[in-house]
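Report on the structure given below.
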Amino acid sequence: MAAESKTAPKEQALRIADRLIQTYPDARCRLNFSSPFELLVATILAAQCTDDKVNEVTAKLFKRADTPEAFAQMRPATLEAAVRPTGFFRNKAKAVRNMSRMLLDEFGGKVPQDMDALVRLPGVARKTANVVRAAAFGLPAIITDTHFIRLSRRMGLTQNEEPAKIEADLMALLPEAKWSAFSHAILFHGRAVCEAKKPKCDACAVADECPSAFKFPYFKKQGDSTAETQRSQRED
């Protein structure tokens, strides 16, 4: 059943984090990359696109260009054609080229680790920066992707809707050492179990901690159907 927690929010958040991390010990960034720069490019392309599609595109793209110099010199039409399958290809191509140029002009061609420096780059907001910080540099980061936002609100870990505020809430709830592992684990959980419309609460590792467990219309319909079947059986 759903949890009615009487413990402090930090204690409940830590229990949820620990259990999800244990459930998904191999959870990691699903974008393929061999350098911080490649991950930065891939994460920009991943906006409103699946990781699988991005990996399909970058498998070919990174054979043609895998450095800021190469992308800065690439013709706009060529880059647009290469990233077209990821959607919003003109904006993404422009962001990647301008980001590459800024890295060359201001950062010696190296991807910075500092958050303030990362978010100055074209096409890079806090979520993208946190993906790079966590996966490429091994730094602690809360990655507020779509799954993280949905599940953290569903689990009662935040009441905010804005990614930056959700990030701040979870940073306050969890120890820094858990941030990255929890971010990856909750993403995997959102894909595998806690789906948007039909969460599989009966298969959820943290259902007993989640205030939303078994409270979706989907479960009510299941319950009504079961009750109707039971009534029919009694009448027979």
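Taken together, the values in this text are just the output of simple stated rules run on the coordinates, not laboratory data. Small disclaimer: the values here were computed from a predicted structure and weren't measured. A quick note on method: Cβ atoms are made from the backbone with ideal geometry, for glycine too, and the neighbour counts reach across all protein chains shown.
Just a few scattered comments:
- Relative packing of 112-118, 155-161, which averages over residues the other C-beta atoms within 10 Å, highest first: 155-161, 112-118
- Rounded to whole Å, sorted largest first: equivalent-ellipsoid semi-axes of segment 36-135, Cα gyration tensor: 19, 16, 11
- Positive-end extreme of charge dipole, the chain - chosen from Leu157, Ile142, Val206 (charges on Cβ): Ile142
- When the chain is reduced to its Cα atoms, the Kirkwood hydrodynamic radius in Å: 19.5 Å
- Placing unit charges on each Cβ (+1 for Lys and Arg, -1 for Asp and Glu) gives the chain a dipole about its Cα centre, and among Pro85, Ala177, Val132 the Cα reaching farthest toward its positive end belongs to Pro85.
- Around Arg191: net Lys/Arg minus Asp/Glu count, Cβ-Cβ under 12 Å: -1
- Under 26 Å of direct C-alpha separation, and excluding same-chain neighbours fewer than eight residues apart, Lys178 reaches these lysines: Lys6, Lys10, Lys127, Lys165, Lys200.
- Counting only alpha carbon atoms, the long axis of helix 51-64 and the longest principal axis of the chain meet at about 10°.
- Nearest-ten-degree value, helix 126-135 long axis tilted from longest Cα axis of the chain: 90 degrees
- Cα-based radius of gyration for segment 33-80, normalised by 2.2 N^0.38 Å, reads 1.07.
- Segment 36-135: relative contact order in percent, alpha carbon pairs under 8 Å with at least 6 residues between: 31 percent
- Charge sum, other residues only, whose C-beta stays under 12 Å from Gln73's C-beta, Lys/Arg counted +1 and Asp/Glu -1: +3
- Per-residue extension of 0.36 nm, minus the Cα-Cα distance of Phe88 and Thr23, leaves a gain of 19.9 nm for this segment.
- Over segment 149-223, the hull volume per residue, using the convex hull of the C-alpha atoms, is 93 Å³.
- Taking 0.36 nm per residue of separation and subtracting the current Cα-Cα distance, fully stretching the chain between Val119 and Phe137 would add 4.9 nm.
- On Cα atoms only, tilt of 9-23 relative to the major axis of the chain in degrees: 80 degrees
- Distance between modelled label sites at Asn55 and Ser34, nm, 7 Å Cα→Cβ extension: 1.7 nm
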